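Structure first, then comments.
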Amino acid sequence: MVVGEEKMSVRKRLSKSSNHAEEEEEDQRDCAEESQEALSNGRVDLKQLISKKIKLTAEAEELKPFFMKEVGSHFDDFVTNLIEKSTSLDNGGCALTSFSIFEGDNNHRAKDLRAPPEHGKIFVTRRSVLDELFEVDHIRTIYHMFIALLILFILSTLAVDYIDEGRLVLEFNLMSYAFGKLTVVLWTWLTMFLCTLTVPYFLFQRWARGYHRTSHPVVHSFIHCFLFVVFQIGVLGLGPLYVVLAYTLPPASRCIVILEQIRFIMKTHSFVRENVPRVLNSAKEKSSTVPVPTVNQYLYFLFAPTLIYRDSYPRTPTVRWGYVTMQFAQVFGCLFYVYYVFERICTPLFRNIKQEPFSARVLILCIFNSILPGALILFLTFFAFLHCWLNAFAEMLRFGDRMFYKQTDLEGYHTVGVCDLQILSLCFSKDWWNSTSYSNYYRTWNVVVHDWLYYYAYKDFLWFFTKRLRAVAMLAVFAVSATVHEYALAVSLSFFYPVLFVLFMFFGMAFNFIVNDSRKRPIWNVLMWTSLFAGNAVLLCFYSQEWYARQHCPLKNPTFLDYIRPRSWTCRYVF
């Protein structure tokens, strides 16, 4: 009844808005007729025309917020009508089930809202959010503002160099140092890729084809599982780590190797995790065919911008090479942008720290001075990787699902079928920057990693133990994510300073429960952004201080404890 009444109110309001539009059209016709009459008489009443124009403009401005309010508050009803109509259509055999909507603030969130484990993530053809938003001139202007700020950074660098040293030369010493020894990075990546392409596929193929014939399937599975774990830990885990430490790669080069190491580990796990149940079901049904993917399918997956394996994905008809070039150009632009942020803001800030003991005063000043560069680095990292880099590879591979940083929000539905989920994934969604809760932010900030953690960490934890331990499963996911993030930072920076782990594991998890999905008011979006800016400032401040402290207070014979003991707390140096 409530839904029906709201639908009637929507129709009334929409009819009201259409009446406004009709009245506006009538006024325009009257204005045109009057102007024609005035012209036919050889006279033009400018005052009348101006008053008409002002009236129409005022009515249009009044209609704008009314329309936006209708779209924002009744979009759910529109999608509900769409789904209800779709249930009466023939959808090629997809099982459509009924669903119910829980209204109001006291709604009880359904726990099994996503696709069941046998279906997993559903890929559909859709564009990235920013590609759609950049078609709007108002949003495009924000992009232009960031470009203008980059130009000012470049001019500032030229001006400072000319005033201080009397030359107009752009040097990139910091960048050339950070990305040094790229030849080692290249052959390390190539070795990791070839090992990932051959070993997991070979082990899975041997296990799958031997599982149907062996008389000891448990022993057969245990041996291949053991070899796979040895490969994951020994080859993909310790191998790249040894290269990074043995060749003393600089920070950015280390980051490339470690991030690719983590990506390959997650890819191979997904490949095995998605295909093992298919082989077991085939053996259970005593099928004559063994469902082993082809090498081409596995190879495509290794380059596809997703961590969830499928035999096939939605594909776009053509490759827009101009679009690919633009995305890579924007990646390099963001890279230089980050360089100038460090060169013009961060480096002078940390190099000019006075020689004084580590105290609350120094820490507070450092954090507040790091808010602006931290916010810029946050936006640039998001745009460069989650939008430009992933979209470039998706376009080259004709990968259709471009939802890399936005996720469906199906909290209002109780029982949803597979086809329902596919329609809802196109309609019910929230941008991460509009989140009023940390729960939604974690789901939408990085969908690629979130999907992997949700299906292979959270869902598998509940399946292996019990569905009652949802809080424990969430805690385990936070622990895994925080540990991997801290591992990547520790190896890239050559020291262990678990600031990120503490922020992620304790404050991030606390905010996930406190600032949850029940928070809907705009003030919570303000608080979310405030905490994000503050958190990034803390990270930038602590890790930069520790980096410069270790550069200016080196130890002759450092022990293992020296790598995990903060040097910035005791170092005294003068720049």
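So here's what we get for this one:
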item	result
Karplus-derived HN-Hα couplings along region 281-291 (A = 6.51, B = -1.76, C = 1.60, θ = phi - 60°), whole Hz, x at Gly and Pro	5, 5, 5, 5, 7, 6, 6, 7, 9, 9, x
Long-range amide H partners of F399 with built H, under 5 Å	T316
Accessible-area value, C571, 1.4 Å probe, nucleic acids and ligands omitted, Å²	10
Rel. contact order, % - alpha carbon contacts under 8 angstrom, at least six apart, region 430-574	30
F342 - accessible surface, heavy atoms, 1.4 Å probe, Å² rounded to 10	60
Segments 267-273, 205-211 sorted - mean Cβ within 10 Å per residue, highest first	267-273, 205-211
Charge dipole (debye, nearest 20) of region 482-575; +1 at Cβ of Lys and Arg, -1 at Cβ of Asp and Glu	180
Å³ per residue enclosed by the Cα convex hull of region 430-574	136
Exposure ranking of E486, E171 by accessible area [1.4 Å probe, largest first]	E171, E486
Quarter of Cα convex hull surface for region 205-267, i.e. mean projection, nm²	4.8
Protection-proxy order for peptides 311-320, 445-454, each taking the mean of Cβ atoms within 10 Å per residue, highest first	445-454, 311-320
Residues whose placed amide H lies under 5 Å from that of K406, excluding near-sequence neighbours	V447
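The values are calculated or read from the model by the stated rules, or taken from the named source; none is laboratory data. Worth saying up front: this structure is predicted, and the values here are computed from it rather than measured. Using ideal geometry, Cβ is built from the backbone for each residue, glycine included, and neighbour counts are taken over all protein chains shown. Just so you know, the surface numbers come from the protein's heavy atoms only, side chains and all, with ligands and any DNA or RNA stripped out. Shrake-Rupley method; radii C 1.70, N 1.55, O 1.52, S 1.80 Å.
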